[in-house]
Amino acid sequence: MTMRNCLWLIFPLTMIFVSTLRADVVMNMEIPRAAYMEYEPIVVNLTMRNNSGQVLIFGKEPQFKGHMEISLTDMHNRPVKGSGTKVDLQGLILRAGVDQRIRINVSKWVQLYTPGNYRLKLFISHPMLKNEYESNTGMFQISRGRVFWTRSFGVPKLGDTANGKTEQRSYNLRALQDKGDVHLFLFVEDKENIFSMKRLGFLLGREVPKCEIDSLNRLHILLPVSPKIFHYQVFDWDGEREVNKVYRSAKQVPVLFRDTASGSVRIVGGEAAQPGVDYTVEKLLPDNLPEAEPGSKTKPAAETKQSAPQAAPQPVKAVKK
């Protein structure tokens, strides 16, 4: 048999093989970053294209009860606790030939409290589909970051057993390297608990934020966003943000000033920056994700009713080992 005849035999078989691989649902998963801080929600973007020729409705009825499965393993291919969870997609509608993009907070269903490298893949199935379809594999890292500023402070104890005593807590600023960016996080914690964790923004080159604690033990942070723009934030004992302003350099560069007599802290110099003119919100937090909140090292986050995944939930406060 000649080579030409062999090719004519192989070609139809190849066409049949390729046609069987045609996906009714094409899935493309994007993980916005390569590195995340421990307790930070892992929110991924999933784009799905329905090529089945029919509308796929995810609902309560058996004929519409489709789901998404989360597969998460470490770099040794060991499943992470929660891997294999099937997520109810009730309310999701995939129209034929249309790209549908959703955001999925993986941390809502899978415990990701241990620093390390991970692989993530998503699967989708539906009674109207003959097969289960999978996304591409994404990889990311979870890290504790690097502590470069810390300050302890006292919080008055409340209750009959207080006896005038105070609880000791600390403000910790941690930096996380993610490719060319350095993310800045604030932790409010004691030896046993993490009360809050906030993502503040980015470190600009060799510039570092200026930090001061006032007489009420509130933390004042002035973070350079660009050579002329500065982000000013004030946090209380529990990590709740009380002040959120942006300043720009004018005749003077804005600086944090602490009055040693009264213990008050304020901004001196500069002037209020105008949003949309001097800066954009995306410049402060470009990926526009929900603020990071802690999970828990010793117990899973509080259970919530599963629904079509859109935005990150608010996990419970963390309890350190």
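The values are calculated or read from the model by the stated rules, or taken from the named source; none is laboratory data. Note that the coordinates shown come from a computational prediction; the quantities given were computed from them, not determined experimentally. Neighbour counts run over all protein chains shown; Cβ positions are idealised from the backbone, glycine included. To get the accessible areas, we keep the full protein, side chains included, count just its heavy atoms, and leave off ligands, DNA and RNA. Shrake-Rupley method; radii C 1.70, N 1.55, O 1.52, S 1.80 Å.
Overview of values
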item: Neighbours by Cβ (under 9 Å, 6+ apart or cross-chain): first from the range 27-40, assigned to a strand (DSSP E or B); second open to solvent by less than 10 Å² (accessible area, probe 1.4 Å) and polar (S, T, N, Q); result: M27/S135; N28/S135; M29/S135
item: Residue list for the range 111-135, restricted to those being under 20 Å from A175 (Cα atoms), open to solvent by 40 Å² or more (accessible area, probe 1.4 Å) and not in a strand (DSSP E or B); result: T114, P115
item: Only one of G154, G138, G145, G180 that is without any contact (Cβ under 8 Å) to a residue 12 or more places away in the chain and out of contact with any Gly (no Cβ under 9 Å at 6 or more places or on another chain); result: G180
item: Selection count where residues are at pLDDT below 95, open to solvent by less than 10 Å² (accessible area, probe 1.4 Å) and of a type in the set (A, V, I, L, M), scope the range 187-216; result: 3
item: Residue within the range 239-259 that is of a type in the set (S, T, N, Q) and touching a residue at least 24 places away in the same chain (Cβ under 8 Å) present; result: no
item: Those residues of the range 93-110 which are open to solvent by 50 Å² or more (accessible area, probe 1.4 Å), under 18 Å from I31 (Cβ atoms) and not in a strand (DSSP E or B), in sequence order; result: K108
item: Pair list, Cβ < 7 Å and 6+ apart or interchain, from the range 208-230 residues that are farther than 14 Å from Y171 by Cα and charged (D, E, K, R) to residues that are assigned to a loop (DSSP other than H, G, I, E, B) and open to solvent by 20 Å² or more (accessible area, probe 1.4 Å); result: K228/S249
item: L173 vs. criteria of a type outside the set (V, I, T), assigned to a loop (DSSP other than H, G, I, E, B) and either more than 23 Å from V44 (Cα to Cα) or over 24 Å from the mean Cα position of the chain (by Cα) (or both); result: no
item: Filter result for the condition that a residue is part of a loop (DSSP other than H, G, I, E, B) and either within 16 Å of F148 (Cβ to Cβ) or touching a helix residue (DSSP H, G or I) at 6+ places or on another chain (Cβ under 9 Å) (or both), over V182, V246, V208, V253; result: V208
item: Lone qualifier among L223, L219, L184 - being closer than 23 Å to T166 by Cα and open to solvent by less than 60 Å² (accessible area, probe 1.4 Å); result: L219
item: Positions within the range 58-92 being touching a Ser or Thr at 6+ places or on another chain (Cβ under 6 Å) and surrounded by fewer than 16 Cβ atoms within 10 Å (Cβ to Cβ), in sequence order; result: P79
item: Of all residues making up the range 136-146, the number that are over 30 Å from M27 (Cβ atoms) and open to solvent by 80 Å² or more (accessible area, probe 1.4 Å); result: 2
item: Selection within the range 242-256 - exposed (fewer than 15 other Cβ atoms within 10 Å of the Cβ) and under 16 Å from N217 (Cα atoms); result: E242, V243
item: Scope the range 49-76; condition free of Cβ contacts under 8 Å to residues at least 60 places away in the same chain, over 23 Å from the mean Cα position of the chain (by Cα) and outside any strand (DSSP E or B); matching residues; result: N51, G53, V55, G59, K60, E61, H76
